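Just below is one structure, and these are the notes that go with it.
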Amino acid sequence: MNIKVLRWIKIIVLLYCVIGIALYYLQGYFLFHPKPLARDYQYHFNAPFAEMDIPFNQTDTLNLVKFFPQDSVRKGVVIYFHGNRDNINRYAKFAANFTSHGYEVWMPDYPGFGKTVGERTEKILYQQAGQVYKLASTKYQKDSIILYGKSFGTGIATYVASIYDCKRLILETPYYSIPDIFGCYTFIYPTSRMITYKIPTCEYLQEVKAPVTIFHGTSDWVIPYRCAAKLKAFLKPSDQFVTIEKGRHHNLNGFPLFHQKLDSLLQ
């Protein structure tokens, strides 16, 4: 074999191994981008809100913010599971989409995000999300609870909806599974075995009895449209997959079609 060709093969193999090792050991850095806040940090929002701590165990505490509609008569509650960046401060502006229709919005932070402290694992994310639902169910009937997931939070919201009854599940820019997201970019690696976080939205979606609405943009380069579109196979005939033409990952809230469909679900 030509020495130059052999040298290039060695370089390619070395690069493949180095990138694969980095993908495995740095997957948490790729997946989560939290911004922690001091426990005495004071939130400031231009809307009525209340902060709440939920003790999870002896060392871990889940922090959430409740946003309230102006009207004292409440239609129900939207439990909003946000994306993988920063903390509640980044997503608070979206609460108005629901409070304007008379819903409370409960927005929890994940461990390491904002003022939520403690260990972060897939199992713990599920358990804490379940605790938030159980707490909401002490105030509202199941037909008054809407589960909403945005980006990373779509898998968590779908898990909760697969276990507990709710009025509706709404997913904004969801994914098939976490390994599938990595596979969309690194298809030459066996991501199904390499990625420790699974969150198989596709599996949980099959167990959801409530109506489901999915929003996804065709120009989404974070969670490519083709990857999210695979979820269509697991929707019920009455469920909706709303395609936002030219919509990107972070700007669906700026499209009239998004608000038209969302408003019709909340009225």
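The values are calculated or read from the model by the stated rules, or taken from the named source; none is laboratory data. As the structure is a computational prediction, the values presented were derived from the model and not from experiment. Methodologically, a virtual Cβ is constructed for each residue, glycine included, from the backbone with ideal geometry; neighbour enumeration extends over all protein chains shown.
Here is how the numbers come out for the structure above:
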| read-out | value |
| --- | --- |
| Top-ranked residue of region 107-117 - restricted to ones that are in contact with a helix residue (DSSP H, G or I) (Cβ under 9 Å, 6 or more places away or on another chain) and over 14 Å from Tyr43 (Cβ atoms), ranked as surrounded by the fewest Cβ atoms within 10 Å (Cβ to Cβ) | Pro111 |
| Qualifying residue in region 213-224 (condition: more than 16 Å from Ile181 (Cβ to Cβ), in a strand (DSSP E or B) and within 18 Å of the chain's Cα centre (by Cα)) | yes |
| Extreme residue, farthest from the chain's Cα centre (by Cα), among residues of region 48-70 that are surrounded by 15 or more Cβ atoms within 10 Å (Cβ to Cβ) and not in a strand (DSSP E or B) | Pro69 |
| From the options Arg120, Arg85, Arg90, residue that is under 27 Å from Ile223 (Cα atoms) and in contact with a Pro (Cβ under 6 Å, 6 or more places away or on another chain) | Arg120 |
| Only listed residue being modelled with pLDDT under 95, more than 27 Å from Asn57 (Cβ to Cβ) and either touching a Gly at 6+ places or on another chain (Cβ under 8 Å) or not charged (D, E, K, R) (or both), chosen from Ile188, Ile195 | Ile188 |
| Qualifying residues in region 27-37 (those that are assigned to a loop (DSSP other than H, G, I, E, B) and at pLDDT 95 or above) - the one farthest from the chain's Cα centre (by Cα) | Leu37 |
| Members of region 213-237 that are surrounded by fewer than 15 Cβ atoms within 10 Å (Cβ to Cβ) and modelled with pLDDT of 95 or more | Thr218, Ser219, Lys230, Lys232, Ala233, Lys236, Pro237 |
| Pair list, Cβ < 6 Å and 6+ apart or interchain, from region 86-105 residues that are without any contact (Cβ under 8 Å) to a residue 40 or more places away in the chain and under 10 Å from Lys66 (Cα atoms) to residues that are among the aromatic types (Phe, Trp, Tyr) and not in a loop (DSSP other than H, G, I, E, B) | Val105/Phe67; Val105/Tyr80; Val105/Phe98 |
